[in-house]
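The values are calculated or read from the model by the stated rules, or taken from the named source; none is laboratory data. None of the values given here were measured: they were computed from a predicted structure. Every residue, glycine among them, receives a Cβ derived from its backbone with ideal geometry; neighbour counts consider all protein chains shown.
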Amino acid sequence: MTGQPGEIGPGDGLAQRAAAGVSIWLDGLSRRQLRSGSLAELIRHRHVSGVTPSLASVRAEITTGSDYDEQIAECAAQGLDAQQTVLAMITDDVRAACDLLAPVVQATGGVDGWVSIEVDPRLARDPAGTIAQARELARLVGRDNVLIAIPATLEGLTAISAVLAEGMSVNVTHIVAIDRYRAVMNAFVEGLERAHAAGQDVSGIHSVASFIVSPVDTAIDPLLDAVGTDEARALKGQAALANARLAHQAFEEVFSTPRWRSLADDGASPQRPLWASTAVTDPAYPDTSYVTELVAPGTITTTYAAAEALLDAIEAQGISYVELVEVLEREGLATVEHDWEALLADVADALRSASTKTDPGSPPAG
């Protein structure tokens, strides 16, 4: 969901969330979804109004399916390497998804209808490399409703402002800490200010901030169990929602300032929070607990004090919030980097196989 978002869940609750003004974005995109018409079906009948990337869905299709086989064979014949082939596959998929969602852009005035594409996660701490690849991705996709996904590392903040200043729309990913989220929003505002100063129409520049939810509980709950007291165990399953509620408080504060209102008067849209990773991993909690609590009318705006008290209580148990969110950021980036390298390895294998089939007498492609 964005603005509030998350993964797609069962039942007509999606209709209720959409009616409440919640945007439903699909986590993951693959060639099979595009060819089978399943993405189009989700857009028409399941209220899907945006797509965020998932390397796992592409990897699964390459290793178990055949929808990418033809393109991989073409790339092998052209002598492209794994990196070039992955870029060709993903940008083709994103372009097709952008076209499917173009009517949503028109219907919502640009609020929804966005498709996200990731910068190589190995560039997360390389601002210059991130900016260069953002330009390349925007050029290759060639659609106005593409979001360039950039991780919210300290180094990434510079790239986020620069990319926005050039008129590209951005999905800022891997946000866990409240302080980092504030820095992300500041980078967004700074980017729009630079774009406006350069004479660009800021009404066409959009952004979402993907704020991680459930992994906070996944990390903190075992630490509370280790403390072992009734007081500690009573705090389980609450940190993630408290963190998200304080993030929403920060959102409301930033986008009510005179600095922001000046940009809004010139047509700028706020950077919407996207609640990412809302799937429940502990079977003791209801499947929709995070989504329901974040969407319920008035819940976020009336519980900020309780959220602050909850995190203070966890700190009192000897669990450092600052250290924990730093670990979650590092682990999240390491996971996506591993997934990226695994995808490259799978594609390299597929290219070698395609080259051998094309010319059995030739040595395998490197």
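Here the condition is being modelled with pLDDT under 95, under 30 Å from Leu294 (Cβ atoms) and more than 18 Å from the chain's Cα centre (by Cα); of Gly50, Gly109, it holds for Gly109 alone.
This table checks each residue for (1) surrounded by fewer than 19 Cβ atoms within 10 Å (Cβ to Cβ); (2) touching a residue at least 60 places away in the same chain (Cβ under 8 Å).
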| residue | (1), (2) |
| --- | --- |
| Gly50 | no, yes |
| Ala60 | yes, no |
| Thr63 | yes, yes |
| Ser66 | yes, no |
| Ala77 | yes, yes |
| Gln83 | yes, yes |
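Is it true that Leu263 is hydrophobic (A, V, I, L, M, F, W, C), outside any loop (DSSP other than H, G, I, E, B), under 20 Å from the mean Cα position of the chain (by Cα) and surrounded by 19 or more Cβ atoms within 10 Å (Cβ to Cβ)? Spell out how you get there, then give the answer.
Working: hydrophobic (A, V, I, L, M, F, W, C): yes; outside any loop (DSSP other than H, G, I, E, B): yes; under 20 Å from the mean Cα position of the chain (by Cα): no; surrounded by 19 or more Cβ atoms within 10 Å (Cβ to Cβ): yes.
Judged against the criteria, Leu263 is not a match.
Screening segment 134-150 for residues that are assigned to a helix (DSSP H, G or I) and over 17 Å from the mean Cα position of the chain (by Cα) and picking the one that is surrounded by the fewest Cβ atoms within 10 Å (Cβ to Cβ) gives Arg139. Being in contact (Cβ under 8 Å) with a residue 40 or more places away in the chain, outside any strand (DSSP E or B), touching a helix residue (DSSP H, G or I) at 6+ places or on another chain (Cβ under 9 Å) and farther than 30 Å from Thr356 by Cα narrows it down to one residue among Val111, Val115; which is it? The conditions single out Val111. Quick one: count up the residues across segment 47-84 that are under 17 Å from Val119 (Cβ atoms) and polar (S, T, N, Q). So the answer is 4. Here Ser38 clears all of (1) at positive phi; (2) at pLDDT 85 or above except the condition numbered (1).
Each row is one residue, and each column tells you yes or no for (1) of a type in the set (A, V, I, L, M, F, W, C); (2) under 12 Å from Asp346 (Cα atoms); (3) touching a helix residue (DSSP H, G or I) at 6+ places or on another chain (Cβ under 9 Å).
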| residue | (1), (2), (3) |
| --- | --- |
| Arg44 | no, no, no |
| His47 | no, no, yes |
| Thr63 | no, yes, yes |
| Ala77 | yes, no, yes |
| Ile90 | yes, no, yes |
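In segment 88-100, the residues that are under 10 Å from Val141 (Cα atoms) form Cβ pairs under 9 Å with partners that are in a helix (DSSP H, G or I) and among the acidic types (Asp, Glu), at six or more places apart or across chains, as follows: Ala88/Glu74. Within segment 221-234, the only residue that satisfies the criterion of being under 18 Å from Ala307 (Cβ atoms) and in a loop (DSSP other than H, G, I, E, B) is Ala234. Apart from one condition, Gln33 fits all of (1) farther than 17 Å from Asp346 by Cα; (2) surrounded by fewer than 17 Cβ atoms within 10 Å (Cβ to Cβ); (3) modelled with pLDDT of 90 or more; (4) polar (S, T, N, Q); the exception is (2).
Ser214: surrounded by fewer than 16 Cβ atoms within 10 Å (Cβ to Cβ) and closer than 30 Å to Gly113 by Cβ, yes or no? Criteria not met by Ser214.
Quick one: how many residues across segment 235-259 are outside any helix (DSSP H, G or I) and either modelled with pLDDT of 95 or more or charged (D, E, K, R) (or both)?
Initially, segment 235-259 is screened for residues outside any helix (DSSP H, G or I), giving 235-238, 255-257.
Right, trim to either modelled with pLDDT of 95 or more or charged (D, E, K, R) (or both) and you get 235-236, 255-257.
Residues meeting the conditions: 5.
Select from segment 187-220 the residues that are part of a helix (DSSP H, G or I) and more than 19 Å from Thr158 (Cβ to Cβ) and list them in ascending order.
Val202, Ser203, Gly204, Ser214, Pro215, Val216, Asp217, Thr218, Ala219, Ile220 - these are the residues of segment 187-220 that are part of a helix (DSSP H, G or I) and more than 19 Å from Thr158 (Cβ to Cβ).
Filtering segment 106-123 to residues that are surrounded by fewer than 24 Cβ atoms within 10 Å (Cβ to Cβ), among the aliphatic types (A, V, I, L, M) and within 21 Å of Glu341 (Cβ to Cβ) leaves only Leu123.
Among the conditions (1) outside any helix (DSSP H, G or I); (2) among the aliphatic types (A, V, I, L, M); (3) farther than 30 Å from His196 by Cα; (4) under 19 Å from the mean Cα position of the chain (by Cα), the only one that Leu274 does not satisfy is (3). Report, by residue number, each residue of segment 51-88 that is polar (S, T, N, Q) and part of a helix (DSSP H, G or I). Across segment 51-88, the qualifying residues are Ser57, Thr63, Thr64, Gln71, Gln83, Gln84, Thr85.
Test of understanding: among Thr292, Thr229, which residue is β-branched (Val, Ile, Thr) and modelled with pLDDT of 95 or more?
Numbers: Thr292 fails: modelled with pLDDT of 95 or more.
Selected residue: Thr229, the only one of Thr292, Thr229 that is β-branched (Val, Ile, Thr) and modelled with pLDDT of 95 or more.
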